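Undergrad: What follows is a structure written as structure tokens; I'll ask about it next.
The values are calculated or read from the model by the stated rules, or taken from the named source; none is laboratory data. Treat the numbers as computed from the prediction; the structure is a model and nothing was measured. Cβ: placed from backbone, ideal geometry, glycine included. Neighbour counts: every protein chain shown. Just the protein is used for accessible areas: all its heavy atoms, side chains included, with ligands, DNA and RNA removed. Shrake-Rupley method; radii C 1.70, N 1.55, O 1.52, S 1.80 Å.
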Amino acid sequence: SIPEPQREAWKRAQAQGFRGKDGFEKELVRHVETTLARSMFNCDEKAAYSATSLAFRDQLILDWNRTQQNQTYRDSKRVYYLSLEFLMGRALDNAMLNIGQKDTAKAGLSELGFRIEDIIGQENDAALGNGGLGRLAACFLDSLASLDFHAWGYGLRYRYGIFKQEIIDGYQVEVPDYWLDFNPWEFPRHDVTVDIQFFGNVRKESKEQGKEVAIWEGGEIVQAVAYDVPIPGYNTSTTNNLRLWSSKASGGEFDFQKFNNGDYESSVADQQRAETISAVLYPNDNLERGKELRLKQQYFWVAASLHDIVRRFKKSKRPWKQFADQVAIQLNDTHPTLAIVELQRILVDIEGLEWEEAWDIVTSTFGYTNHTVLPEALEKWPVGLVQHLLPRHLQIIYDINLYFLQQVEKQFPNDRDILRRVSIIEESQPKMVRMAYLAIVGSHKVNGVAELHSDLIKTTIFKDFVEIYGPDKFTNVTNGITPRRWLHQANPRLSELIASKIGGNDFLKDLTKLNKLESLAEDKEFRKEWSEIKYANKVRLAKLIKELTGVTVNPAALFDIQVKRIHEYKRQQLNIFGVIHRYLTLKAMSPEERKKQLPRVSVFGGKAAPGYWMAKQIIHLINAVGSVVNNDADIGDLLKVIFLPDYNVSKAEIITPASDISEHISTAGTEASGTSNMKFVLNGGLIIGTCDGANIEITREIGDNNIFLFGNLAEDVEDLRHAHNYGSHTIDPDLNKVFEEMEKGTFGTPHDFSAMVAAVRHHGDYYLVSDDFHSYIETHKLVDEAYRNQDEWVAKCIVSVARMGFFSSDRCINEYAESIWNVEPLAVKS
Ligand code: 73E
């Protein structure tokens, strides 16, 4: 650092950032003219976006520097959130709002000849995630910064995020998402690199006093390079860091030895291979495919992050036993579970700690969040693969397992079977490492993401572990969403209306303050303003629908929306079967009767994993139904069926505020939480849903007269499935009519949909579509009826919003901080 006598000069020259509209304009033009080397004669919207972002980035980076210096100086306990996915969406709008300068930018851009919406729309989404799990991580970063926690996120800098979805002839087509052509929001740290080892062998070496150490040698080295993304808090100068690792061949551009030996091609090939590690996000949600490259990604990211965390700890020169007082690491699902093994390896093999002392530190450091009970999503890695890629880690896993099983054996001396059941190694062909079990054994707390889900994991997949560790190790932290992005940014008019009625913006930092709205539910004038905003948001969505699908929808119709990953357990098939049923009902009516019906727009959106054939069939059926219904003159505006292509965060910001009703209709017990349910209600839409995930807690908060619940309960699912397979399985008669219509070819070649029909009729209807169909249809009738009484409907919406305070990710982060991380917020001193 700079010597004391020169620091005065530094302080005089310190960067300042802009102030006010004129200051912003000056910075924007400076960036256009110098950074981008353009002028007023060739500044298009892309350039204006770039310059605006650079102006705001400068602003952020000043706060970011101060925050990091402050956190280093205070040296208090830090939280590290390890997630393979961060579904951030766009950064500029968020930065402007969190800094509180959006109006300034709007005025400045307008004077310089641009509309702020067009400029915001230039940005590519940072789509480094699949769905709810990745978006949760992004909401958490926003809350951690907004609440002044000293926290870092660690992830991978994928060159390709989640694919872009195109719909061609009604089918999903995947297009690569190369999003990095210009990304002003990241700072490459070419000086922050870590060498990561793969493959090789382990040798034991005897040390003094008969002590043996393991030495992992040989194999190959890949370099991790850090890219930092500043995370601004709302209305605070705390700006935290998200560090994303990118892979590179070690030794820089080329392996010079090979290069000099004339082996040019193979040197380039090595580089390509190294870069492959961080090349692409795996596009599976709630599904694990067990690919070697995925395991490589996991270790690469985890090893780089831990190296960084340990290096930072060692700077403070504290004894190792204080590690867990300084460091809390949260594992976002099992994807980073190797971090447990890696920390044990660092402490024992490199730092020379005894096994028990090291293991104590490890288990006090980690917390593990489970997000799913679906068996196909639970990670297991073949022992042989782990052995080959990470030979030393496999040894450590075996040792962890040995000590764990010894403890279990002592606890349950007469129970052989429990050892088999809880072993980290599954004795199958081939043997597998059960990552969730390793995560439980290596953490001090395990949490689910909604009450029902947290109860379910204790009684099903982790039951034995509750017996072993007692119930206190297992806890619930119900998910939340950031009201900054999901209300203030996505629905500025509603946010403004609320602020004007309840005395300011404080609710954006304490969402429980929304409860002041409740008394306004009966206020006629307020209801009118509320409805006007909803209508305007529906007009905005109708415009997007027109742009993307060519279909005109009537904003006065009831907008019924289901947007989320396409998955059988989320039951988009139930929804589209319900839509077909509605269509048939309308068709059977006389024109007079039809005139009395309520117009509806059914909107679907979501991506199917490229290898998930059934999910792709569902997309095709939705589009096939849309092309028939939308062109049926008998039907007109009474029913439109829309599949919005390429659902992502920035589209969600337009879709969410425009719903009248949204669908959260998973088979009970399968959706761990869901978070879009919270977003829709917070934006003044009602929901239709099953008793699953966070729907249950939403019901408790907003009242059961403000939600449309239907369907079987989680506790009955197992018996129903059993009955399908071993008893007689009768299909709901209305659903059968739907199937018969599909088989007649009304929506195109019946063969295209035969597998979807067979799944219900002949293959046990695992997701209980038929069992829930009747109550689903009946509940939709109640929705129609309720919507006819607009006064009551709007009152329900207002009351619901007023009671949504609990679902802020701020509440959620405070719970993690108190019950799992043991950290307190510390604001940056100005
Ligand atoms: O219910 C959602 C939950 O709201 C759950 O399905 C999702 O996590 C959300 C946030 O807690 C989730 N995603 C995954 N597992 N659960 C997952 C699994 C493997 C790969 C990618 C995502």
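Undergrad: Read phi for every residue in segment 39-49 and hand back ³J(HN,Hα) as whole Hz from Karplus 6.51 cos²θ - 1.76 cosθ + 1.60, θ = phi - 60°, with x for Gly and Pro.
TA: 8, 5, 8, 9, 9, 8, 5, 4, 5, 5, 4
Undergrad: Tell me, what is the per residue accessible area of segment 1-147 in Å², probe radius 1.4 Å? Spell out each step's value before the answer.
TA: Values: 6660 Å² over 147 residues.
That works out to 45 Å² for each residue.
Undergrad: Search the structure for amide H atoms under 5 Å from the amide H of Gly155, placed 1.01 Å from N in the peptide plane, and list their residues when 5 or more places away or on another chain.
TA: Arg243, Leu244, Trp245
Undergrad: For the chain, give me the percentage of DSSP beta bridges that are antiparallel, rounded to the nearest 5 percent.
TA: 45
Undergrad: Sticking with this one: Rounded to the nearest 0.05, what FRET efficiency do Glu451 and Arg30 give with R0 = 51 Å and r taken as the Cβ-Cβ distance? Could you check? Before the final figure, lay out each step's value.
TA: Numbers: r = 53 Å, r/R0 = 1.03.
About 0.45, to the nearest 0.05.
Undergrad: Full extension from Phe199 to Glu525: what is 0.36 nm times the residue separation minus their Cα-Cα distance, to one decimal in nm? Walk me through the numbers before you get to the answer.
TA: On the way: separation 326, 0.36 × 326 = 117.36 nm, distance 6.92 nm.
Net length gain for the segment: 110.4 nm.
Undergrad: Could I ask something else about it? Lys/Arg Cβ at +1, Asp/Glu Cβ at -1, dipole of the chain taken about the Cα centre: which of Asn414, Ser39, Ile635 is farthest positive-ward?
TA: Ser39
Undergrad: Hey, another quick one. What aspartates and glutamates sit close enough to Lys46 to cross-link, taking a C-alpha to C-alpha distance under 13 Å and skipping anything fewer than 8 places away on the same chain?
TA: List returned: Glu117, Asp118, Glu123, Asp181.
Undergrad: Take the alpha carbon gyration tensor of segment 93-168, find the square roots of its eigenvalues, order them as a ≥ b ≥ c, and report rounded if a/c is under 1.5; if not, report prolate when a/b exceeds b/c, else oblate. Kindly include the intermediate steps, with their values, before the conclusion.
TA: On the way: a/c = 2.88, a/b = 1.22, b/c = 2.36.
Oblate.
Undergrad: Here's another thing I want to ask about it. Can you give the Rg and Dmax of segment 1-98 based on its C-alpha atoms, in angstrom?
TA: Values for segment 1-98 (Cα only, Rg and Dmax): 17.4, 51 Å.
Undergrad: Quick check for you: which residues of segment 801-821 have the amide N under 17 Å from the point 7 Å beyond the Cα of Ser76 toward its beta carbon?
TA: What the label zone holds, given the 17 Å backbone N cut-off, is 813-821.
Undergrad: May I pose another question? Take the Cβ-Cβ distance between Arg700 and Glu818 as r, set R0 to 25 Å, and report the resulting FRET efficiency rounded to the nearest 0.05. Present the calculation step by step, with values, prior to reporting the outcome.
TA: Details: r = 21 Å, r/R0 = 0.86.
After rounding to 0.05, the efficiency reads 0.70.
Undergrad: Anything over 21 Å Cα to Cα? Flag those among Lys106/Lys534; Lys296/Lys651; Lys513/Lys796; Lys564/Lys796, in the order listed. Walk me through the numbers on the way to the answer.
TA: Values: Lys106/Lys534 23 Å; Lys296/Lys651 32 Å; Lys513/Lys796 18 Å; Lys564/Lys796 24 Å.
Pairs exceeding the cut-off: Lys106/Lys534; Lys296/Lys651; Lys564/Lys796.
Undergrad: Using only C-alpha atoms and all pairs of different ones, pull out the Kirkwood radius for the chain in Å with one decimal. Could you put the intermediate results ahead of the total?
TA: Details: mean 1/r = 0.0350 Å⁻¹.
Taking the inverse mean of 1/r over all distinct Cα pairs, the chain comes out at 28.6 Å.
Undergrad: Given the -39500 (n - 2.57) contribution per DSSP H run of 4+ residues, what per-residue ellipticity at 222 nm results for the chain, rounded to the nearest 500 deg cm²/dmol? Present the calculation step by step, with values, prior to reporting the outcome.
TA: Details: 33 runs with 382 residues, N = 830.
Counting only the DSSP helices, I get -14000 deg cm²/dmol.
Undergrad: Provide, for q = 0.09, 0.10 Å⁻¹, the log10 of I(q)/I(0) from a solvent-free Debye sum over equal Cα point scatterers in segment 64-213.
TA: Rounded to two decimals, the profile gives -0.48, -0.57.
Undergrad: Now, a different point. Give me the extension gain from Trp355 to Asn260: residue separation times 0.36 nm, minus the current Cα-Cα distance, reported in nm with one decimal.
TA: 29.7 nm
Undergrad: Given a 1.4 Å probe and every protein chain left where it sits, what share in percent of the accessible area of the chain is carbon and sulfur?
TA: Numbers: 16690 of 33480 Å².
Roughly 50 percent of what the probe reaches on the chain is carbon or sulfur.
Undergrad: Decide, for segment 136-201, between rounded, prolate and oblate: order the square roots of the alpha carbon gyration tensor eigenvalues as a ≥ b ≥ c, take rounded if a/c falls under 1.5, and otherwise choose prolate if a/b is larger than b/c, else oblate.
TA: Working: a/c = 2.09, a/b = 1.32, b/c = 1.59.
It comes out oblate by the Cα gyration axes.
Undergrad: Past the 31 Å Cα-Cα mark, which pairs from Lys164/Lys501; Lys528/Lys781; Lys314/Lys473; Lys11/Lys317? Intermediate results must be reported in sequence, preceding the final value.
TA: Values: Lys164/Lys501 41 Å; Lys528/Lys781 25 Å; Lys314/Lys473 29 Å; Lys11/Lys317 29 Å.
Table pairs above 31 Å Cα-Cα are Lys164/Lys501.
Undergrad: Which of rounded, prolate, oblate describes segment 463-505, given a ≥ b ≥ c as roots of the alpha-carbon gyration tensor eigenvalues and a/c under 1.5 marking rounded, otherwise prolate only if a/b is larger than b/c?
TA: prolate
Undergrad: Starting from the Cα of Ala556, move 7 Å in the Cα-to-Cβ direction to define the label point; list residues of segment 612-638 whose amide nitrogen is under 18 Å from there.
TA: 635-638, by backbone N distance to the label point.
Undergrad: Taking Cα atoms of segment 547-802, Rg/Rh with Kirkwood Rh, to two decimals? Write out the running numbers ahead of the final one.
TA: Numbers: Rg = 17.4 Å, Rh = 18.6 Å.
Looking at segment 547-802, the ratio lands at 0.94.
Undergrad: Once label points are set 7 Å from the Cα along Cα→Cβ at both Ile221 and Arg12, what is their separation, rounded to one decimal in nm?
TA: Result: 4.5 nm between the two label points.
Undergrad: Taking 0.36 nm per residue of separation and subtracting the Cα-Cα distance, what length does fully extending Lys829 through Lys321 add? List each step's numbers first, then the result.
TA: Values: separation 508, 0.36 × 508 = 182.88 nm, distance 2.93 nm.
Residue separation times 0.36 nm, minus the Cα-Cα distance, leaves 180.0 nm.
Undergrad: Something else about it: Excluding ligands, DNA and RNA, what is the solvent-accessible area per residue of segment 547-802 at a probe of 1.4 Å, expressed in Å²?
TA: Values: 8770 Å² over 256 residues.
On a per-residue basis, segment 547-802 sits at 34 Å².
Undergrad: Moving on. When the dipole is taken about the Cα centre of segment 547-802, and only Lys, Arg (+1) and Asp, Glu (-1) are charged at their Cβ, what size is it in debye, to the nearest 20?
TA: On the way: 23 positive and 35 negative charges, 132 e Å.
With Lys and Arg at +1 and Asp and Glu at -1, about 640 debye.
Undergrad: Could you run the Karplus curve 6.51 cos²θ - 1.76 cosθ + 1.60 with θ = phi - 60° over segment 291-305 and give me ³J(HN,Hα) per residue in whole Hz, x for Gly and Pro?
TA: Working through the residues one at a time gives 7, 4, 4, 5, 5, 4, 4, 4, 5, 3, 6, 5, 5, 5, 5 Hz.
Undergrad: Follow-up. Only four residue types carry charge here, +1 at the Cβ of Lys and Arg and -1 at the Cβ of Asp and Glu. Report the dipole size of the chain about the Cα centre in Debye, rounded to the nearest 20.
TA: Values: 96 positive and 115 negative charges, 337 e Å.
Once rounded to the nearest 20, the dipole reads 1620 debye.
Undergrad: Rounded to whole Hz and in sequence order, give me ³J(HN,Hα) for segment 133-150 from the Karplus expression 6.51 cos²θ - 1.76 cosθ + 1.60, θ = phi - 60°, writing x for Gly and Pro.
TA: 5, x, 5, 4, 4, 5, 4, 4, 4, 4, 5, 4, 6, 5, 8, 6, 7, 7
Undergrad: While we're here: How big is segment 575-632 in terms of Cα radius of gyration and Dmax, in angstroms?
TA: Over segment 575-632's Cα set, Rg and Dmax evaluate to 13.9, 47 Å.
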